[in-house]
Amino acid sequence: MSVTIKDVARVANVAPSTVSRVISDSPRISERTKRKVRKVMEELGYHINYNGRVLVSQSTQTIGIVTKVSTVHSFDNPFFSELLRGISDACHEEDYSIYLTTGNTEEAIFKEVVKMVQGKRVDGVIVLYSREDDQVVPYLRECNFPFVMIGKPVNRAGETMFVDNDNILASKEVTDYLIQLGHERIGFIGGDYHFEVARDRLEGFRQALANGQIEEDKNLQKNIQSGLADADQVVEELLQVKDPPTGLVITDDYNALTVMRALTSKGLKLPEDMSIVGFNNTMIARLSNPALTTVDTQSFQLGHESARSLIDLLNRPDMIKKSVIIPTVIVERDSCHPKNTIKQTD
């Protein structure tokens, strides 16, 4: 037979209503009483009836996670896993569960979000991206439904709670890093430019070139959206340029690894023939050969802060919408050499 609130109350020598208030963490109950009741709950093996809590409090204690469209690639990418780990850690601290979208098209994901909201399956939503022509964020705003974004909103940033890096600054700094090593022909390989993060990192790259008085060559600017096949094509195009780059800024460690493989398959030695920097400091960066110099975006912290911000918003719906900027740092490894030590191949 399962343990009830009355059982806990009897052993703790308090009223059942006191146990209920301890479960809801009521400020009316002293910390001493809370500790005593929680100890009895643990000793008796009492578990909260969440279905009952939902009926009483109108809260599901669940947070929805809205992913990008390319779910398969997302699960392959350790950056996504680290975001989820950070979100999960913060949710665990506050006894929240996670509801993850699984659609593989924009329309499928949007329909899942509508079901989340209209079906009251979640208390709030974390959107793991910021992109133009998105249906999800405008819908959440229209419904006045609590949400937090990972990434700077395309519009109405002052009205939207979000967590992000300063991606313009991060890209500028890592491009400056290659410039300081003597590289003047620097390529940029970004992601899907529908996403705000991709546009910001390109802007930071361009600012670094301008500040270094290096002429921008758009023939050296590419993007990868779907993995290895695109990497092969991008490398082929870069190597066919009349004056190929000696350094590459690649705005995702996962894509950097696919580019590194494509370069070595063409017979180039890394970093002797090409210096490469990535973004996110995932385990891929540590395990690649050579180990990848990369921008640590603190992906775990991005996820953790997004969940904490959403839970704060759920607890205080009238709070001012805040933005949290997570700092970045360049992690130097073995994928870059000063240009004057590089032996150019024929």
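The values are calculated or read from the model by the stated rules, or taken from the named source; none is laboratory data. In this text the structure is predicted, and so the values were computed from the model without any measurement. Don't worry about glycine lacking a Cβ; one is built from the backbone with ideal geometry, like all the others, and counts go over all protein chains shown. For the accessible areas, the whole protein counts, side chains as well, though only heavy atoms, and no ligand, DNA or RNA atoms are used. Shrake-Rupley method; radii C 1.70, N 1.55, O 1.52, S 1.80 Å.
Could you give every pair whose Cβ atoms fall below 6 Å, whose first residue belongs to the stretch 110-124 and is closer than 14 Å to GLU142 by Cβ, and whose second residue is surrounded by fewer than 14 Cβ atoms within 10 Å (Cβ to Cβ), counting only separations of at least 6 or pairs across chains?
VAL117/CYS143
Confirm whether GLY247 is under 14 Å from ARG185 (Cα atoms) and touching a residue at least 24 places away in the same chain (Cβ under 8 Å).
Yes, satisfied.
Select, from LYS68, LYS111, the only residue that is modelled with pLDDT of 85 or more and among the basic types (Lys, Arg).
LYS111
Give me the residue from the stretch 299-320 that is among the polar types (S, T, N, Q) and in contact with a strand residue (DSSP E or B) (Cβ under 8 Å, 6 or more places away or on another chain) and, out of that set, farthest from PHE80 (Cα to Cα).
Of everything passing the filter in the stretch 299-320, SER309 is farthest from PHE80 (Cα to Cα).
For the stretch 140-169, name all the residues that are in a loop (DSSP other than H, G, I, E, B) and surrounded by fewer than 16 Cβ atoms within 10 Å (Cβ to Cβ).
CYS143, ASN144, ASN155, ARG156
Within the stretch 101-114, which residues are within 19 Å of the chain's Cα centre (by Cα) and surrounded by 14 or more Cβ atoms within 10 Å (Cβ to Cβ)?
Taking the stretch 101-114 as the starting set, the residues that turn out to be within 19 Å of the chain's Cα centre (by Cα) are 101-104, 106, 109, 113.
Within the stretch 101-114, THR101, GLY103, GLU106, ILE109, VAL113 meet the criteria.
I'm told GLN225 meets every condition in (1) closer than 24 Å to SER299 by Cα; (2) at pLDDT 95 or above; (3) open to solvent by 10 Å² or more (accessible area, probe 1.4 Å); (4) not in a helix (DSSP H, G or I) except one. Can you identify the failing condition by its number?
(2)
Would you mind listing the strands (runs of 3 or more DSSP E) fully within the stretch 228-296 where at least 2 residues are in the same structural domain as GLU203 (by the TED database), touching a helix residue (DSSP H, G or I) at 6+ places or on another chain (Cβ under 9 Å) and open to solvent by 10 Å² or more (accessible area, probe 1.4 Å)?
In the stretch 228-296, no matching strands (runs of 3 or more DSSP E) lie anywhere.
Being of a type outside the set (S, T, N, Q) and in a loop (DSSP other than H, G, I, E, B) is the filter; apply it to the stretch 29-55 and report the residue that is modelled with the lowest pLDDT. Before you say what the answer is, go through the steps one by one.
Going residue by residue through the stretch 29-55, those that are of a type outside the set (S, T, N, Q) are 29, 31-32, 34-48, 50, 52-55.
Those still in the list that are in a loop (DSSP other than H, G, I, E, B) too: 29, 45-48.
Details: ILE29: 90, GLY45: 84, TYR46: 83, HIS47: 73, ILE48: 68.
Per the stated criteria, the residue is ILE48.
Can SER335 be described as among the small types (Gly, Ala, Ser), part of a loop (DSSP other than H, G, I, E, B) and either in contact with a strand residue (DSSP E or B) (Cβ under 7 Å, 6 or more places away or on another chain) or surrounded by 19 or more Cβ atoms within 10 Å (Cβ to Cβ) (or both)?
Taking the combined requirement at face value, the residue satisfies it.
Do we have ASP200 as in a loop (DSSP other than H, G, I, E, B) and either buried (at least 23 other Cβ atoms within 10 Å of the Cβ) or of a type in the set (Asp, Glu) (or both) here? Write out each step before concluding.
Values: in a loop (DSSP other than H, G, I, E, B): no; either buried (at least 23 other Cβ atoms within 10 Å of the Cβ) or of a type in the set (Asp, Glu) (or both): yes.
Against the criterion (in a loop (DSSP other than H, G, I, E, B) and either buried (at least 23 other Cβ atoms within 10 Å of the Cβ) or of a type in the set (Asp, Glu) (or both)), ASP200 does not qualify.
Answer with yes or no whether ASP217 is open to solvent by 50 Å² or more (accessible area, probe 1.4 Å) and not aromatic (Phe, Trp, Tyr).
No.
So if I check each of PHE188, PHE147, which one is in contact with a Leu (Cβ under 7 Å, 6 or more places away or on another chain) and more than 22 Å from ASN280 (Cα to Cα)? I'd like the intermediate steps shown before the answer.
Working: PHE188 fails: more than 22 Å from ASN280 (Cα to Cα).
Every option except PHE147 fails the conditions.
Hey, among the residues in the stretch 75-121 that are of a type in the set (S, T, N, Q) and assigned to a helix (DSSP H, G or I), which one's nearest to ILE311 (Cα to Cα)?
SER88
Name the pairs: first residue in the stretch 8-28 and closer than 17 Å to GLN61 by Cα and part of a loop (DSSP other than H, G, I, E, B), second residue of a type outside the set (Ser, Thr, Tyr) and open to solvent by less than 20 Å² (accessible area, probe 1.4 Å), Cβ to Cβ under 7 Å, at least 6 apart or on different chains?
none
Do we have GLU184 as open to solvent by 40 Å² or more (accessible area, probe 1.4 Å), part of a helix (DSSP H, G or I) and not assigned by the TED database to the domain that holds GLY303 here?
no
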